[in-house]
Amino acid sequence: MKALILAGGFGTRLRPISSTRPKPMVPILGKPNLQYILEALERIRSVEEIIISVHYMKAEVREFVEEIMAEYRKPIKFSVQPMPLETGGAIKNAEPLLRDGDDFLVIYGDVFTNFNYEELIKAHSANPGLITVAVTKVYDPERFGVVLTDEDGRITDFEEKPRKPKGNLVDAGIYMVNREVLKAIPENKEIYFEREILPQFVESGQAYAYRMPKENYWVDLGTPDDLFHAHQIALDEIAKENGYFVVREGAEISEDVEVQGPVYVDKGARIGRGVKLKAYTYVGPGSTVGERAYLKKAILIGQNVVKERAEIKEAILGQGVMIGREVIVKENAVLGDYSRVYDGLVIYGAKVLPWKKVEEYEAYIKIKLDPKKVRPELTPDRCPLGLPECIYKKFRAIAGEKPPCDECIENQWLF
């Protein structure tokens with residue numbers, strides 16, 4: 001049997017972290033999500049070959065497989081999309097590599113889970129369907145494809161991202177698919193498997209669901225909030241076996257560092273005197289945290305420099321980010337790779353592009369308003385988010401020059 005990993009998407013909602021890496025290569029505790037998937041597949045005997053569908057930054061994925069996964073015990077092939085084909089088109093594009101065998105496993109490359117794929121394989125062989133969908137319960141089903149089933153597990157209704165969900169059981173982005181399904185997918189066309197192909201087989205009664213066990217975690221790495229969630233899960237899992245404070249080899253930590261776990265300090269990181277490391281903080285390999293800095297729910301992907309008395313709270317720092325002295329970065333801010341924030345500045349919940357140098361207040365705020373309220377003529381005199389006046393005035397000036405489009409609102413003012 002073959003397994004197809006879809007790893008060609010742009011990861012727009014995960015920018016700026018995905019601006020410099022493919023979404024499946026976004027790391028969780030220093031390891032790319034693609035590596036988690038490959039390691040799980042390596043343990044399944046019935047999966048004999050891996051196919052990775054690539055498009056966006058495909059060279060990065062190939063380099064990772066050839067170098068980091070060089071000793072992988074199963075053959076890995078690549079299906080290169082000539083243009084963005086979305087999930088359905090990507091599956092069809094891989095058809096020449098799927099000729100051997102009737103059924104194959106499909107996994108979305110942005111799914112972070114400890115689910116045993118072998119369970120889905122067995123469930124598929126036990127039902128008469130052409131597609132078997134792994135499903136799981138979530139708290140926010142309106143973000144996903146909502147599934148309804150009968151007593152036999154047959155999917156009776158499927159709706160992608162409904163405004164009023166009929167339940168909280170959703171498509172987990174993991175499928176067992178029969179080759180007959182490929183006939184329903186047009187060639188060289190941008191088409192979604194979950195929106196346009198799967199509903200056809202639901203309607204004909206040929207799609208079944210397998211509910212993932214409650215003990216399995218599952219995260220769709222679609223947004224920075226999802227990346228936070230994945231790290232929290234991973235830290236909790238590690239804490240069960242290794243305790244609430246994990247320090248990898250080569251890391252240097254001053255004796256007076258205050259720790260409230262779970263906290264993970266990776267290889268070669270250096271933590272200065274008087275630093276406070278609070279719950280759900282990950283300090284990536286080669287990072288340096290200066291004296292009396294404060295980190296809480298912070299993700300430092302790696303090779304970061306956080307200088308003295310800086311505060312990083314509920315924020316993600318990409319690779320090689322430099323944070324100046326007494327800088328405050330908080331409120332779900334996300335800083336792209338190799339960006340730099342100069343001394344004494346405050347970043348409230350914005351997304352900073354890779355290599356950006358932040359040298360002055362530039363209205364780095366996270367918009368959680370109705371789009372019409374952001375228009376210059378309707379923008380209130382005082383910031384509804386309680387931001388300092390100097391930042392808010394700059395924001396108003398920017399809004400006056402260029403009213404935000406829907407994409408700006410979706411990406412929460414990407415600078």
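Can you pull out the residues in segment 162-183 that are surrounded by 15 or more Cβ atoms within 10 Å (Cβ to Cβ) and in a helix (DSSP H, G or I)?
ARG179, VAL181, LEU182 - these are the residues of segment 162-183 that are surrounded by 15 or more Cβ atoms within 10 Å (Cβ to Cβ) and in a helix (DSSP H, G or I).
Across segment 6-58, what is the number of residues that are surrounded by fewer than 18 Cβ atoms within 10 Å (Cβ to Cβ) and part of a strand (DSSP E or B)?
The total comes to 1.
Looking at segment 310-323, which of its residues are in contact with a Leu (Cβ under 8 Å, 6 or more places away or on another chain) and either closer than 20 Å to ALA234 by Cβ or outside the structural domain of SER254 (by TED's automatic domain parsing) (or both)?
ILE312, LYS313, ALA315, ILE316, LEU317, GLY318
Residues in segment 317-331: is at least one β-branched (Val, Ile, Thr), under 16 Å from ILE28 (Cα atoms) and touching a residue at least 12 places away in the same chain (Cβ under 8 Å)? Give the derivation first.
From segment 317-331, those β-branched (Val, Ile, Thr) are 321, 323, 327-329; that's our starting set.
The next check asks that each one be under 16 Å from ILE28 (Cα atoms); those that pass are none.
Checked against the condition, which is being β-branched (Val, Ile, Thr), under 16 Å from ILE28 (Cα atoms) and touching a residue at least 12 places away in the same chain (Cβ under 8 Å), segment 317-331 yields no hits at all.
Could you count how many residues in segment 289-315 are farther than 14 Å from VAL327 by Cβ, surrounded by fewer than 24 Cβ atoms within 10 Å (Cβ to Cβ) and not acidic (Asp, Glu)?
Residues meeting the conditions: 4.
Restrict the check to segment 233-246 and report whether at least one residue is part of a helix (DSSP H, G or I), surrounded by fewer than 22 Cβ atoms within 10 Å (Cβ to Cβ), among the small types (Gly, Ala, Ser) and in contact with a Pro (Cβ under 8 Å, 6 or more places away or on another chain).
Among the residues of segment 233-246, at least one is part of a helix (DSSP H, G or I), surrounded by fewer than 22 Cβ atoms within 10 Å (Cβ to Cβ), among the small types (Gly, Ala, Ser) and in contact with a Pro (Cβ under 8 Å, 6 or more places away or on another chain), which makes the answer yes.
Can you tell which of ALA134, ALA123 is in a helix (DSSP H, G or I), crowded, with 18+ Cβ neighbours inside 10 Å and touching a residue at least 60 places away in the same chain (Cβ under 8 Å)?
Values: ALA134 fails: in a helix (DSSP H, G or I).
Within the list ALA134, ALA123, the selection yields ALA123.
To keep it simple, each residue is scored yes or no on (1) assigned to a strand (DSSP E or B); (2) under 22 Å from ILE17 (Cα atoms); (3) not charged (D, E, K, R); (4) not assigned by TED's automatic domain parsing to the domain that holds GLU237.
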| site | (1), (2), (3), (4) |
| --- | --- |
| GLY274 | no, no, yes, no |
| GLU291 | no, no, no, no |
| GLU308 | no, no, no, no |
| VAL329 | yes, yes, yes, no |
| GLY344 | no, no, yes, no |
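The values are calculated or read from the model by the stated rules, or taken from the named source; none is laboratory data. On a predicted model such as this, the values are computed, not experimentally measured, just so you know. Heads up, the Cβs are rebuilt from the backbone with ideal geometry, glycines too, and the neighbour counts pull from every protein chain shown.
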